[in-house]
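Trainee: The structure is given below, and queries will be raised subsequently.
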Ligand code: PXG
């Protein structure tokens, strides 16, 4: 292994790190240098078991040669091609490959470069769709408390994360929110989907009564809320939301940036829950995290609505310089082939019981107030230290890294979402070390 550079404090200053406590990190850096399979390695050669698939994205595991080779081939062949009014084969091939995974009825794919861009794209498609149908009064967007839809102005507006909202002004007008579904007094220690809470979807009726359906364009939710602490939908909740959206002519958008590509044991969360939305946003697992890329899947009805008017007119006035970037498409195609060949989308289902047992084995450990699981997602909610929200879980995160496991914390909730290639021995190691960490965390 080549020697890794060591940085002194001054050399760490220039990079303003995203969603990071910069001063804390730079005082005590946690650096990663390489990755393979289920592991990262630090610059000094210490292995770290990846409990979060990088950041919910490396679903097929690290260092996949097929992806590296496809990217190298494509970058040598044609590093860039304009996506507007021009085409290239990998873009069409990847769209077809993604359609193969989509629930019936969703069969068109618009490419972006991230989850945030996918969310803004889906919201814009929803608005323009209603206008194209002559219902341009439908401009209101409905999100959910404790939703996370990335960092664009559209996404933070429909999202329900207080820090994203309080720092950045008044955001988009004409947005309302459903209540979140998290309720420890009703649902603590649920295994899989909690039993209580489907009725919370009926709050949409209240918003319709307040605003009138003719003003509402779309409802956007994550099937499982990830970033705000792994909030699993109550049984029947998403079905109810679907029924109400259909009843009122409102588009339903599933933000599947984390639930897409096998996380729940089916290609998308939509199939897992048996609920088909009108639009699906995705990113992360689309390219196994190797090259940034996102996408929005749309129903035939939505796509066809746009395909009218003069043939030379651009139907959707939207796109990015790097939409369907050929190198990202190559990474995406190689990724889809791996998912298919290795049967990775049923993997989460196969190991889900073992995973659930491991998650719930932490019951009774210090500070633990809830344990949640679904597919290959797990969460450990900790009692916050009075007056210091987030401090306890952050301490656990640092201890975990030192103990050789990468976990993710949000507030006082630990989230786990390993690569889908995880084996039982890795599950044992992950939860064995996490249990030790929790015992040691003050
Ligand atoms: N929607 C959802 C549901 C997401 O989880 C985004 C949109 C935005 O994607 P981009 O690619 O623009 O970051 C996400 C991102 C975490 C964590 O700790 C999760 C995300 C991002 C950062 C942290 O769980 N997901």
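Bear in mind these aren't lab numbers, they're just calculated from the coordinates by the rules spelled out. As the structure is a prediction and not an experimental result, all values here were calculated from the model. Cβ: placed from backbone, ideal geometry, glycine included. Neighbour counts: every protein chain shown.
Trainee: Give me 181, 321, 42 sorted ascending by neighbouring Cβ count inside 10 Å, so fewest comes first.
Mentor: Fewest to most other Cβ atoms nearby, the residues stand as 321, 42, 181.
Trainee: Let me ask something additional. Compute the relative contact order of the chain as a whole-number percentage, counting only Cα pairs closer than 8 Å that sit 6 or more residues apart in sequence.
Mentor: RCO, the chain: 21 percent.
Trainee: With springs only between Cα atoms under 10 Å, which of 153, 110, 84 fluctuates most in a Gaussian network model of the chain?
Mentor: In the Gaussian network model the winner is 84.
Trainee: Among 13, 350, 66, which one shows the biggest mean-square fluctuation in a GNM of the chain, springs joining Cα atoms closer than 10 Å?
Mentor: Largest GNM mean-square fluctuation: 13.
Trainee: Provide the percentage of antiparallel DSSP beta bridges, counting only those with both residues in the chain; round to the nearest 5.
Mentor: Roughly 65 percent of the DSSP beta bridges within the chain come out antiparallel.
Trainee: What ranking of 162, 48, 109, 119 emerges when the number of other C-beta atoms within 10 Å of each C-beta is taken as an exposure proxy, fewest first?
Mentor: 162, 48, 109, 119
Trainee: Once the Cβ-Cβ distance between residue 12 and residue 202 is put in as r, and R0 is 51 Å, what FRET efficiency do you end up with, to the nearest 0.05?
Mentor: Step by step, r from the Cβ atoms, then E = 0.50.
Trainee: Turning to a different aspect of this structure: Calculate, for residue 22 and residue 131, the FRET efficiency according to 1/(1 + (r/R0)^6) with r their C-beta to C-beta distance and R0 56 Å; round to the nearest 0.05.
Mentor: 0.85
Trainee: Mind checking which of 183, 113, 22 has the largest fluctuation in a GNM of the chain, springs on alpha carbons under 10 Å?
Mentor: Most flexible of the set in this elastic network: 22.
Trainee: Quick check on the range 68-227: take the gyration tensor over C-alpha atoms, sort the square-rooted eigenvalues as a ≥ b ≥ c, and tell me if it's rounded (a/c under 1.5), prolate or oblate.
Mentor: Verdict is prolate for the range 68-227.
Trainee: If you don't mind, another one. Evaluate 2.2 N^0.38 Å with N set to the residue count of the range 87-126, then give the Cα radius of gyration divided by it.
Mentor: The range 87-126 yields a ratio of 1.24.
Trainee: Label point 7 Å out from residue 69 along Cα-to-Cβ: which residues of the range 310-343 have amide N under 17 Å?
Mentor: 330-342
Trainee: Cut-off 20 Å, label point 7 angstrom out along Cα-to-Cβ of residue 185: give me the residues of the range 233-273 whose amide nitrogen falls inside.
Mentor: Backbone N within reach: 234-235.
Trainee: Pull out the extension gain between residue 391 and residue 211, defined as 0.36 nm times the separation in residues minus the alpha carbon to alpha carbon distance; nm, one decimal.
Mentor: Contour length minus the Cα-Cα distance gives 60.8 nm.
Trainee: Follow-up. Suppose the chain between residue 162 and residue 44 were pulled fully straight at 0.36 nm per residue; how much longer would it get relative to their current alpha carbon spacing?
Mentor: 38.7 nm
Trainee: Compute the whole-percent fraction of alpha carbon pairs in the range 150-298 spaced more than 21 Å apart.
Mentor: 47
Trainee: Let a ≥ b ≥ c be the square roots of the eigenvalues of the Cα gyration tensor of the range 211-313; is it rounded (a/c under 1.5), or, if not, prolate (a/b larger than b/c) or oblate?
Mentor: Taking the square roots of the gyration eigenvalues as a ≥ b ≥ c, the range 211-313 is oblate.
Trainee: Using C-alpha positions alone, give me the convex hull volume of the range 251-389 per residue in cubic angstrom.
Mentor: 182
Trainee: Still on this model: Take the alpha-carbon positions of the range 141-224, form their convex hull, and give its projected area averaged over all directions (one quarter of the hull surface) in nm².
Mentor: 6.2
Trainee: For the range 66-341, what does the equivalent ellipsoid look like in terms of its semi-axes, each the square root of 5 times an eigenvalue of the Cα gyration tensor, given largest first in whole Å?
Mentor: 30, 23, 17
Trainee: Simple spin-label model, 7 Å along Cα-to-Cβ: residue 243 to residue 171 in nm?
Mentor: 2.9
Trainee: So what is the orientation-averaged projected area of the range 42-137, using the convex hull of its C-alpha atoms, in nm²?
Mentor: Mean projected area of the Cα convex hull: 10.1 nm².
Trainee: Once the cut-off is 14 Å, how many percent of the Cα-Cα pairs in the range 385-442 end up in the long-distance tail?
Mentor: Here the long-distance tail beyond 14 Å is 55 percent of all Cα pairs in the range 385-442.
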